[in-house]
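The values are calculated or read from the model by the stated rules, or taken from the named source; none is laboratory data. Please read these numbers as outputs of a predicted model, since none were measured by experiment. Note: ideal-geometry Cβ built from the backbone for every residue, glycine included; neighbour counts use all protein chains shown.
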Amino acid sequence: MAIGLGNRRRQAVSLEEGAGPDAIRCPADGEPLFVWLETIGYGAREDQVIDRCESCGLVVARDAVPDPQRAVDALLAGGEERGSRVVVRVENAASLQAWLGAENWAALRPGGHGLKPTPRAARLLLARRGLEVRKVRHLARAGMAAMWQTLLNLLTFHRDFASEAVSGRLRPGTGRGLAAFCTDAVVTVLAAVPTALIAVVLECAAVIARHGGVIEVEAEPLPPTD
């Protein structure tokens, strides 16, 4: 049952249209960004246009498309220093869960910097700050929650139903109606354990195949040139 697929829809854009002189450019490699999908929810918080770079695979919310410098700042914002190296943890746009979920990928929830790089896109962005990626780790435990939520999103009318309902942002009168709210509550309760088990299996397999949902990128400054 894929009830949630009705919440979002893909929007095709021709190469000629996307690659015109006024096309929005990828902050990682400067190539045109094409519309990947359009999310239509039950309020402004869920209505988004999501773009993707066909060259490096970077996924970014249209409203969050920054210039290259701001993109690097956003990528480094949650990073930490380990000696001379910088380590950042981000959702992987080249992951199995992104491919399975597409418009239902849990990482697309509004908020944050709206930037979802692939390992290649992360390398290109960090190179703009004079940083060279030395290691990319695929984190199994960190990606399991997003895989689990992605699977649940395939079954519910409302995306991220449990967290939205618990936080109070989603109520029976503010979403898609009382019937949809009650249906999502029942589906979430019944499917929580089975989808969690499936999520563990899928995410572990994805990490082994180097397509985990969360990656940890470790980079260090490039040596100075004479």
Here the residues within the range 80-96 that are part of a loop (DSSP other than H, G, I, E, B) and buried (at least 18 other Cβ atoms within 10 Å of the Cβ) are Asn92, Ala93, Ala94, Ser95
Flagged in the range 24-39 as surrounded by fewer than 17 Cβ atoms within 10 Å (Cβ to Cβ), touching an Asp or Glu at 6+ places or on another chain (Cβ under 8 Å) and not charged (D, E, K, R), in numbering order, are Ile24
- Message: Tell me yes or no: at least one residue of the range 196-209 is of a type in the set (D, E, K, R) and closer than 21 Å to Pro110 by Cβ.
- Response: no
Contact list, first residue from the range 87-112 and within 19 Å of Ser55 (Cβ to Cβ) and touching a residue at least 12 places away in the same chain (Cβ under 8 Å), second anywhere and among the acidic types (Asp, Glu) and crowded, with 22+ Cβ neighbours inside 10 Å, beta-carbon distance below 8 Å, six or more apart or interchain, is Ala98/Glu91
Gly112 passes all but one of the listed conditions (1) modelled with pLDDT under 90; (2) farther than 22 Å from Phe161 by Cβ; (3) surrounded by fewer than 18 Cβ atoms within 10 Å (Cβ to Cβ); the exception is number (2)
Among Arg176, Arg159, the single one that is touching a residue at least 12 places away in the same chain (Cβ under 8 Å), farther than 27 Å from Leu96 by Cβ and of a type in the set (D, E, K, R) is Arg176
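Take the residues in the range 60-79 that are in contact with a strand residue (DSSP E or B) (Cβ under 8 Å, 6 or more places away or on another chain) and in a helix (DSSP H, G or I), then tell me which one is nearest to Phe34 (Cα to Cα). Before you say what the answer is, go through the steps one by one.
Residues of the range 60-79 that are in contact with a strand residue (DSSP E or B) (Cβ under 8 Å, 6 or more places away or on another chain), as a first pass: 60-66, 71, 74-76, 78-79.
Right, trim to in a helix (DSSP H, G or I) and you get 62-64, 71, 74-76.
Numbers: Arg62: 10, Asp63: 14, Ala64: 14, Ala71: 17, Ala74: 21, Leu75: 21, Leu76: 24 Å.
Among those residues, the one meeting the criterion is Arg62.
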Looking across the range 199-226 at residues that are part of a helix (DSSP H, G or I) and of a type in the set (Val, Ile, Thr), the single one that is surrounded by the most Cβ atoms within 10 Å (Cβ to Cβ) is Val207
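Here are some residues: Leu100, Leu33. Which one is outside any helix (DSSP H, G or I), among the hydrophobic types (A, V, I, L, M, F, W, C) and either out of contact with any Gly (no Cβ under 6 Å at 6 or more places or on another chain) or within 30 Å of Arg171 (Cα to Cα) (or both)? Break it down stepwise before answering.
On the way: Leu100 fails: outside any helix (DSSP H, G or I).
None of the others qualify; the one that does is Leu33.
Taking Ser55 as the residue in question, decide whether it is of a type in the set (S, T, N, Q), modelled with pLDDT of 85 or more and surrounded by fewer than 20 Cβ atoms within 10 Å (Cβ to Cβ).
Working: of a type in the set (S, T, N, Q): yes; modelled with pLDDT of 85 or more: yes; surrounded by fewer than 20 Cβ atoms within 10 Å (Cβ to Cβ): yes.
Spelling it out, Ser55 is indeed of a type in the set (S, T, N, Q), modelled with pLDDT of 85 or more and surrounded by fewer than 20 Cβ atoms within 10 Å (Cβ to Cβ).
Condition check ((1) closer than 15 Å to Asn153 by Cα; (2) hydrophobic (A, V, I, L, M, F, W, C)) across all residues:
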{"residue": "Gly79", "(1), (2)": "no, no"}
{"residue": "Gly83", "(1), (2)": "no, no"}
{"residue": "Ala93", "(1), (2)": "no, yes"}
{"residue": "Ala102", "(1), (2)": "yes, yes"}
{"residue": "Lys116", "(1), (2)": "no, no"}
Only one of Arg134, Arg128 is surrounded by fewer than 18 Cβ atoms within 10 Å (Cβ to Cβ), closer than 25 Å to Ala71 by Cβ, touching a residue at least 12 places away in the same chain (Cβ under 8 Å) and in contact with a Pro (Cβ under 9 Å, 6 or more places away or on another chain), namely Arg128
- Task: Evaluate the following for Ala140: is it free of Cβ contacts under 8 Å to residues at least 60 places away in the same chain, closer than 30 Å to Ile198 by Cβ and surrounded by fewer than 21 Cβ atoms within 10 Å (Cβ to Cβ)?
- Result: no
For the range 63-86, the count of residues that are free of Cβ contacts under 8 Å to residues at least 40 places away in the same chain and among the polar types (S, T, N, Q) equals 0
